[in-house]
Amino acid sequence: MKTIHQFFLLVAFCVFCSGVNRADSIPSGTGIFTKIMESRQLIQSGHIVFDSTYSDANFTVHKKWNIWFDKSKIRSEVIRDGIIEAICFDCYGKQTRLYYTTQPPPDPSGKIGLTFYDGYEKPSPMLYIPDPRWFGCLTLTIEAGQYQFPAEMYGLKPEGYTEPPKVVSDTVADVDCWRIDYRPPGITSYSVWVDKSDESRVLRAESRFDVVEGGKKVYYIDRVDSETEKYQDKIWFPQKLTYKRTENGEVTMTAEARIKIHALNDPLPPDTFSPKGISFLKPDTPVAWHLDRDRPVPSGELVWDGNEVVALDEFAKMMRESRRLGPANYFFMLLGIALILIGLGMKLRKKVQ
C-alpha cells in the first residue's frame with residue numbers, strides 16, 4: 001500500500017514538474033521583440049526586386065519595384081503601366097528626397113522635371129518607399145509607407161506598456177509558433193507569430209481596431225502572412241507577402257508581393273544613391289528645387305547635366321541637340337544662328353545711324 005502511495009506521489013510530482021517546465025519554457029514577449037529587432041538590424045544593405053498587386057472594391061494595381069538600400073539611404077524605381085517613377089532618400093546629400101517620373105505632364109507644354117525636397121517635410125504618398133528590412137513585421141501593404149513610418153510606431157519596441165505582451169502557443173501554416181499579443185497606447189491591438197524553433201522568424205503579423213462609421217461600429221483586421229527562407233544562414237527574409245483586410249469579417253482589400261533578392265549585405269555600386277544611378281534620367285532634365293538651402297547657382301533655370309545640378313545653358317543645349325540631329329540639321333541650325341546675328345547687327349547699325 002505504501003509502495004502504491006509513493007508511486008502516485010511520484011506521478012503527481014512529475015506532472016507538477018512538467019507543468020512548471022512548460023510554464024518556464026514560454027519566452028518573454030519583450031525578449032522575442034528584441035530578437036526580431038536584432039535580426040532586422042543585421043540587414044544593412046541590399047537590392048531586391050518584387051512584383052506587387054493590390055486590389056480593393058474600386059480597382060486593382062500592379063507594380064514592379066526595384067529597391068536599393070544601405071542604412072539610411074534608400075532608393076526605388078517603380079514601374080506601372082509602362083511609366084517609371086524614381087524616388088530616393090539621401091541621394092543628393094543627407095535628408096534630401098528626390099522624385100522623377102517618365103509620365104508626361106498634364107499640360108502638353110509642361111516639362112518633366114527632377115524634383116528635390118527636404119527629407120523631413122511630410123511627403124505625399126508618391127514619395128513613400130517601403131523598407132524591405134520590415135517586410136512581414138508590419139501589418140501594412142507594400143504600397144504603404146514603411147520607410148516613412150518606422151517600426152517602433154507599430155509597437156515593436158514595447159517599452160512603457162501598462163501590460164506586458166502576452167505569449168501563447170499557436171500554429172501558422174503547420175509551423176509551431178509563439179503568438180505575441182500586445183497593445184501600445186491607442187486604439188489598435190497587435191499580434192505577431194514567430195517560429196518556436198527560431199524566434200526571429202516572423203510568419204504573421206496582425207492588427208485590430210474598431211471605429212464608429214455612420215452610427216455603426218466597424219471592426220477592422222489587417223493581416224500579413226510571410227513565406228520566408230533563410231539567407232546567409234542567419235537572416236529570415238520573405239519570398240512572398242500576402243496582405244488581407246477585413247471589415248466586420250468581410251474581405252475589403254488584398255495585396256500580394258513576390259520578392260527576389262539580388263543582393264543582401266553586399267557592396268552596392270558607388271552611384272546607387274545619386275541621381276547618376278537613375279539610368280533613364282537624361283542630361284538637360286529640368287530641376288525643381290524645393291530644398292531649404294542655397295541653390296547650386298543663385299539664379300536662372302536649373303537642369304541636371306548628367307553629373308550635377310547646374311544652370312541651364314541654352315547655347316550648349318542647342319549645340320548638343322544639333323549633334324544629335326545630324327549634319328544637315330546642324331548646318332541649318334548654324335545658318336539660323338548666323339541669320340539671327342545678322343539681324344541683330346542690322347538693328348544695331350540702324351540705331352547708330
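Numbers for the structure displayed
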| read-out | value |
| --- | --- |
| Every residue from the range 49-76 that is in contact (Cβ under 8 Å) with a residue 40 or more places away in the chain and either polar (S, T, N, Q) or crowded, with 20+ Cβ neighbours inside 10 Å (or both) | PHE50, SER52, THR53, SER55, TRP65, ILE67, TRP68, PHE69, ILE74, ARG75, SER76 |
| Test result for THR228, in a strand (DSSP E or B), touching a strand residue (DSSP E or B) at 6+ places or on another chain (Cβ under 8 Å) and of a type in the set (Val, Ile, Thr) | yes |
| Residues located in the range 228-253, provided they are free of Cβ contacts under 8 Å to residues at least 24 places away in the same chain and touching a Pro at 6+ places or on another chain (Cβ under 9 Å) | GLU229 |
| Filter pass, GLY46 being surrounded by 13 or more Cβ atoms within 10 Å (Cβ to Cβ) and of a type outside the set (Lys, Arg) | yes |
| Residue within the range 254-264 that is free of Cβ contacts under 8 Å to residues at least 12 places away in the same chain and of a type outside the set (Asp, Glu) present | no |
| So PRO238, is it modelled with pLDDT of 70 or more, crowded, with 17+ Cβ neighbours inside 10 Å, within 26 Å of the chain's Cα centre (by Cα) and within 30 Å of GLU199 (Cα to Cα) | yes |
| Test result for LYS157, modelled with pLDDT of 75 or more and surrounded by 13 or more Cβ atoms within 10 Å (Cβ to Cβ) | no |
| LEU268 being surrounded by 12 or more Cβ atoms within 10 Å (Cβ to Cβ) and outside any strand (DSSP E or B) | yes |
| Whichever residue in the range 178-201 is more than 12 Å from GLY136 (Cβ to Cβ) and of a type in the set (Val, Ile, Thr) and, among such residues, is surrounded by the fewest Cβ atoms within 10 Å (Cβ to Cβ) | ILE187 |
| Residue list for the range 179-201, restricted to those being assigned to a strand (DSSP E or B) and closer than 25 Å to GLY249 by Cβ | ARG179, ILE180, ASP181, TYR182, SER189, TYR190, SER191, VAL192, TRP193 |
| Hits in the range 271-302 (condition: assigned to a strand (DSSP E or B) and of a type in the set (Gly, Ala, Ser)) | ALA288 |
| Some residue of the range 202-217 being within 26 Å of SER45 (Cβ to Cβ), touching an Asp or Glu at 6+ places or on another chain (Cβ under 7 Å), crowded, with 17+ Cβ neighbours inside 10 Å and in the same structural domain as TYR54 (by TED's automatic domain parsing) | yes |
| Odd one out for GLU199, checked against (1) closer than 25 Å to TRP65 by Cβ; (2) touching a residue at least 40 places away in the same chain (Cβ under 8 Å); (3) of a type in the set (Asp, Glu) | (1) |
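The values are calculated or read from the model by the stated rules, or taken from the named source; none is laboratory data. Fair warning: this is a prediction, and the values are worked out from it, not measured in the lab. As a convention, Cβ positions derive from the backbone with ideal geometry for all residues, glycine included, and neighbour counts pool all protein chains shown.
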